[in-house]
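Only one structure is covered here, and it is reproduced in the block below.
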């Protein structure tokens, strides 16, 4: 009888699924499935603030797309931000079917929720400094990419620390792409604090212009993070291969 009860409990217990990005990208329907194999996302640093994200279902997305740092194949989706023309273009390749602007263009903040096969993309608007030093409300978006049970946040041209409401909206984030130039976006100490606010498992530095700037950031982070400086611009990541210790991975590429 005890054995029979134990078997029934196993059969009736729901299968564990990977937690979704929450709550920005947590609403149904989910776009990934737990499978016997470990689905892998490939991320390639194209340069400046542009990364190519390739899902197990062969969806290709590029962050902060300006047309300068572009992959060999036309992406299915691109995101853009408004701080400088190195982060957007008003004349993208017409073959790109999904172009998501991260800045406010009308009376309401930008709101995106796009699903392409096994990729879901949502956004969280943030403010930026204008060229004259004023605040451009909702001039930037943090874009969240959800695929294969991973939650990837590209912070764009983030200029400020995050508020509790921002962190609540982001929820669990596994991988963060953050500008570490220390001048045009936010200071490196503030970038460190943003990382501590989000506490991702992997940090991908971007927007740093010189190797000296990158080296200063890495030195500042060594006490709290493992540091990896790669020779190849692409990493393959799955939920099972996320590092136990928070890790910064510096990928080579033009800046």
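The values are calculated or read from the model by the stated rules, or taken from the named source; none is laboratory data. Not measured: the values here are computed from a predicted model. Here the Cβ positions follow ideal geometry from the backbone for every residue, glycine too, while neighbour counts run over all protein chains shown.
Quick one: what pairs do we get from the stretch 119-144, first residue on the phi > 0 side of the Ramachandran plot and modelled with pLDDT under 95, second part of a strand (DSSP E or B) and buried (at least 17 other Cβ atoms within 10 Å of the Cβ), C-beta under 6 Å, 6+ apart or different chains?
138/125
If you go through the stretch 40-68, how many residues are out of contact with any helix residue (DSSP H, G or I) (no Cβ under 9 Å at 6 or more places or on another chain) and modelled with pLDDT under 95?
The qualifying residues number 2.
Can you tell me which residues in the stretch 156-171 are touching a helix residue (DSSP H, G or I) at 6+ places or on another chain (Cβ under 9 Å) and closer than 22 Å to residue 237 by Cα?
Once the filter is applied, which keeps residues that are touching a helix residue (DSSP H, G or I) at 6+ places or on another chain (Cβ under 9 Å) and closer than 22 Å to residue 237 by Cα, the stretch 156-171 yields 156, 170.
Please work out which one of (1) modelled with pLDDT under 95; (2) touching a strand residue (DSSP E or B) at 6+ places or on another chain (Cβ under 9 Å) is the condition residue 210 fails and give its number.
Answer for residue 210: the failing condition is (2).
Quick test of your reading of the structure: residue 112 fulfils all but one of (1) in contact with a strand residue (DSSP E or B) (Cβ under 6 Å, 6 or more places away or on another chain); (2) at pLDDT 95 or above; (3) at positive phi. Name the failing condition by number.
Among (1) in contact with a strand residue (DSSP E or B) (Cβ under 6 Å, 6 or more places away or on another chain); (2) at pLDDT 95 or above; (3) at positive phi, residue 112 violates only (3).
Would you tally the residues in the stretch 89-114 being part of a loop (DSSP other than H, G, I, E, B) and either in contact (Cβ under 8 Å) with a residue 12 or more places away in the chain or under 17 Å from the mean Cα position of the chain (by Cα) (or both)?
Count: 14.
I need the full set of residues from the stretch 71-88 which are free of Cβ contacts under 8 Å to residues at least 60 places away in the same chain, out of contact with any strand residue (DSSP E or B) (no Cβ under 7 Å at 6 or more places or on another chain) and either surrounded by 13 or more Cβ atoms within 10 Å (Cβ to Cβ) or within 13 Å of residue 157 (Cβ to Cβ) (or both), in order please.
74, 85, 86
Does at least one position in the stretch 221-236 carry a residue that is surrounded by 15 or more Cβ atoms within 10 Å (Cβ to Cβ) and modelled with pLDDT under 95?
no
Counting only residues that are under 24 Å from residue 140 (Cα atoms), touching a residue at least 60 places away in the same chain (Cβ under 8 Å) and more than 15 Å from the chain's Cα centre (by Cα), give me the helices (runs of 4 or more DSSP H) lying completely in the stretch 162-255 with at least 1 of them.
164-170
Which residues, counting only those in the stretch 53-70, are farther than 26 Å from residue 183 by Cβ and surrounded by 18 or more Cβ atoms within 10 Å (Cβ to Cβ)?
The answer is 53, 54, 55, 56, 59, 60, 61.
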